Amino acid sequence: MSALNKVGEYTLLMQKVLTRPDRFRETCKQIVREMNNLGVSSIIIVLIISFFIGAVITIQIRLRVDNPMLPKYTTGLVTRDILLLEFSSTIMCLLLAGKVGSNIASEIGTMRITEQIDALDIMGVNSANFLILPKIVGLVLFSPILVIFSMIIGIVGGYMVSIFTDLITTDNYLYGLQTFFVPFYIKYSIIKTLVYSFLIASIAGYYGYYVKGGSLEVGKASTDSVVMSSITILIADLVLTQLLLT
Amino acid sequence: MIELKSVSKTFDDKEVLKSISTSFLPGQTNLVIGQSGSGKTVLMKCIIGLMTPEKGEINYDGRNLLNMNRQETKMLRREIGMLFQNSALFDSLTVLENVMFPLNMFSNMRYKERAERALSCLDRVNLHDIGHLSPAEISGGMKKRVAIARAITLKPKYLFCDEPNSGLDPKTSIVIDQLIKEITQEYNITTIINTHDMNSVMENGDNIVFIHEGKLEWNGSKDKIITSSNKKLNDFIFASNLFKKVKNIEIGLMEDEG
């Protein structure tokens with residue numbers, strides 16, 4: 001029953017969020033600010049994680065798939081597909097749910113407990129729309145850039161393995177990257193990320209917006225938002241994979 | 001003028017406000033006083049429209065808040081300024097941006113005009129050259145004054161103050177009280193202040209409404225409050241020794257005059 005209440009509350013909140021802003025100019029400014037706060041500030045962590053995961057996937061594939069029946073370019077091919085299909089979208093968004101989701105929930109939650117949201121409401125501003133919409137739009141607009149960076153740097157990580165170790169030759173790795181390449185995988189990955197970004201920002205916004213109490217509750221809301229976003233992302237992954245790839 | 005007619009509010013079968021009727025006049029500082037849990041915050045929330053009473057009328061110059069549609073409520077809120085207990089300044093904005101915020105949202109002024117208006121409001125509350133600072137960098141008293149400046153940028157007709165002196169030293173409290181009083185008279189605003197600070201009551205109480213257990217127990221001015229014979233009111237205001245002494249002096253003076 002409590003879960004159903006939450007779904008209902010979330011839906012009603014989204015009705016308030018996804019409306020025409022009171023002042024388009026102010027919302028645009030907020031969107032740019034959020035793209036910087038949520039997106040640009042996440043680039044470094046995305047690049048670092050993608051580089052190392054790309055390198056580790058390459059090593060693991062090379063070590064586990066050691067079968068003379070398989071062509072030598074298999075490592076590059078499998079690394080590419082793992083990065084494009086799952087890592088750069090789903091795993092990266094799970095990481096973003098931790099970093100960005102907790103940031104959004106704690107920021108909005110603190111605004112709630114310090115009466116800043118009440119101040120907006122009393123001024124006649126649609127506080128849900130003013131606070132949450134720019135975060136959703138900012139993250140959704142910036143996430144494809146993060147995905148593309150993640151894909152490129154992940155592949156570079158694998159390439160570095162081919163240069164600095166003797167596990168795989170550079171030629172085999174590069175050949176593997178180009179073999180049986182399906183351009184739709186990039187589109188698929190970006191579509192998934194757009195959905196995940198919406199879920200991360202809106203769920204975190206929901207948990208922050210309805211905080212009651214003090215700093216402990218803000219912390220709890222922040223944790224709950226990360227847990228709920230992660231679960232929702234995994235469910236959405238299953239649904240989107242079924243819808244887009246079968 | 002804000003007029004309340006038989007306003008009642010219930011939470012889970014508990015009547016928090018019991019048929020409150022009173023009026024708050026413009027140009028006066030109207031104080032709502034009462035013990036913690038007496039219902040004064042709920043009353044203020046009902047007047048502002050953050051809560052909806054089950055019964056009664058809340059008339060803003062003849063316009064009943066409870067009969068307004070969403071658009072009318074939105075328009076009314078632009079006539080309202082609010083000073084929160086902990087100032088509620090936006091942390092992500094500078095002091096100047098905080099004061100400019102209502103203008104950014106609701107006026108069609110150009111940036112220069114908005115900035116000039118915001119600076120004049122900051123000047124009005126005696127704050128100069130702090131526009132570039134963030135709320136975290138200024139003191140509690142300054143925050144209250146910035147919040148007052150933000151509340152008056154749109155030249156409101158109604159000003160609500162929730163515990164404006166909480167967390168302030170006595171000297172700063174008096175500065176804030178005087179500022180609220182001056183602004184109320186200058187702009188002819190209907191000001192309602194929620195407080196349990198008796199110094200504030202004696203400084204600012206043009207019209208005082210005493211709420212006890214959700215019921216309007218006493219209504220009058222600061223001149224009459226000391227000599228009132230209402231037992232519940234006396235229990236509340238003479239809880240401190242200071243005011244017991246003030247009462248004795250006042251009675252002594254009256255006897256001398258008599």
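The values are calculated or read from the model by the stated rules, or taken from the named source; none is laboratory data. Everything numeric here is computed off the predicted structure, so don't read it as measured data. Here the Cβ is made from the backbone with ideal geometry for all residues, glycine too, and neighbour counts use every protein chain on show.
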### Query
Take the residues of region B:59-78 that are of a type in the set (S, T, N, Q) and free of Cβ contacts under 8 Å to residues at least 40 places away in the same chain: which is nearest to the other protein chains (Cβ to nearest Cβ)?
B:T73
### Subset of region A:187-240 (residues that are β-branched (V, I, T) and under 20 Å from A:S106 (Cβ atoms))
A:I200, A:I203, A:V211, A:V218, A:T223, A:V226, A:V227, A:I231, A:T232, A:I233
#### Entry: Meets criteria (within 23 Å of the chain's Cα centre (by Cα), within 11 Å of another protein chain (Cβ to nearest Cβ) and either surrounded by fewer than 18 Cβ atoms within 10 Å (Cβ to Cβ) or β-branched (V, I, T) (or both)) for B:N86
yes
#### Entry: Residue ID - farthest from A:D237 (Cα to Cα), chosen from residues in region A:195-220 that are assigned to a helix (DSSP H, G or I) and of a type in the set (D, E, K, R)
A:E217
### Query
Residues in region A:47-68: is at least one of a type in the set (S, T, Y) and away from every other protein chain (no Cβ under 14 Å)?
yes
### Query
Out of the residues in region B:79-93 that are of a type in the set (A, V, I, L, M, F, W, C) and free of Cβ contacts under 8 Å to residues at least 60 places away in the same chain, which is farthest from A:V125 (Cα to Cα)?
B:L93
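Given the structure, is A:L177 closer than 17 Å to A:E86 by Cβ, surrounded by 19 or more Cβ atoms within 10 Å (Cβ to Cβ), of a type outside the set (V, I, T) and in contact (Cβ under 8 Å) with a residue 12 or more places away in the chain?
On the way: closer than 17 Å to A:E86 by Cβ: yes; surrounded by 19 or more Cβ atoms within 10 Å (Cβ to Cβ): yes; of a type outside the set (V, I, T): yes; in contact (Cβ under 8 Å) with a residue 12 or more places away in the chain: yes.
Criteria met by A:L177.
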### Task
Would you be able to say whether some residue in region B:192-202 is out of contact with any helix residue (DSSP H, G or I) (no Cβ under 9 Å at 6 or more places or on another chain) and not charged (D, E, K, R)?
no
### Message
Here's a check for you: in region B:89-110, which residue that is within 9 Å of chain A (Cβ to nearest Cβ) and surrounded by fewer than 17 Cβ atoms within 10 Å (Cβ to Cβ) is farthest from the chain's Cα centre (by Cα)?
### Response
B:S92
### Query
Which one of A:I108, A:I132 is at pLDDT 95 or above, farther than 23 Å from B:S107 by Cα and surrounded by 23 or more Cβ atoms within 10 Å (Cβ to Cβ)?
A:I108
### Query
Would you pick out the residues in region A:82-121 that are among the hydrophobic types (A, V, I, L, M, F, W, C), out of contact with any helix residue (DSSP H, G or I) (no Cβ under 6 Å at 6 or more places or on another chain) and within 14 Å of chain B (Cβ to nearest Cβ)?
A:I113, A:A119
### Query
Which number in (1) basic (K, R); (2) surrounded by 15 or more Cβ atoms within 10 Å (Cβ to Cβ); (3) in the same structural domain as B:I2 (by TED's automatic domain parsing) marks the one condition that B:K144 misses?
(3)
## Note on the structure
Among (1) surrounded by fewer than 19 Cβ atoms within 10 Å (Cβ to Cβ); (2) under 14 Å from the mean Cα position of the chain (by Cα); (3) in the same structural domain as B:E97 (by TED's automatic domain parsing), B:Q178 falls short only on (3)
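Taking region A:17-45 as the region of interest, how many residues are of a type in the set (A, V, I, L, M, F, W, C), in a helix (DSSP H, G or I) and over 30 Å from A:I153 (Cα atoms)?
At the first step, the residues of region A:17-45 found to be of a type in the set (A, V, I, L, M, F, W, C) are A:17-18, A:24, A:28, A:31-32, A:35, A:38, A:40, A:43-45.
Still in the list and also in a helix (DSSP H, G or I): A:17, A:24, A:28, A:31-32, A:35, A:38, A:40, A:43-45.
Next, only the ones that are over 30 Å from A:I153 (Cα atoms) stay: A:17, A:24, A:28.
Residues flagged as of a type in the set (A, V, I, L, M, F, W, C), in a helix (DSSP H, G or I) and over 30 Å from A:I153 (Cα atoms) within region A:17-45 amount to 3.
Counting only residues that are of a type outside the set (K, R) and under 14 Å from A:M151 (Cα atoms), how many does region A:57-85 have?
11
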### Task
Give the residue, chosen from A:I168, A:I113, A:I117, that is crowded, with 20+ Cβ neighbours inside 10 Å, closer than 30 Å to B:K45 by Cα and out of contact with any Asp or Glu (no Cβ under 7 Å at 6 or more places or on another chain).
A:I117
### Task
Report, by residue number, each residue of region A:11-56 that is touching a Ser or Thr at 6+ places or on another chain (Cβ under 8 Å), among the β-branched types (V, I, T) and over 29 Å from A:F149 (Cα atoms).
A:V17
### Message
Regarding region B:114-132, can at least one residue be identified that is within 11 Å of another protein chain (Cβ to nearest Cβ) and over 16 Å from the mean Cα position of the chain (by Cα)?
### Response
no
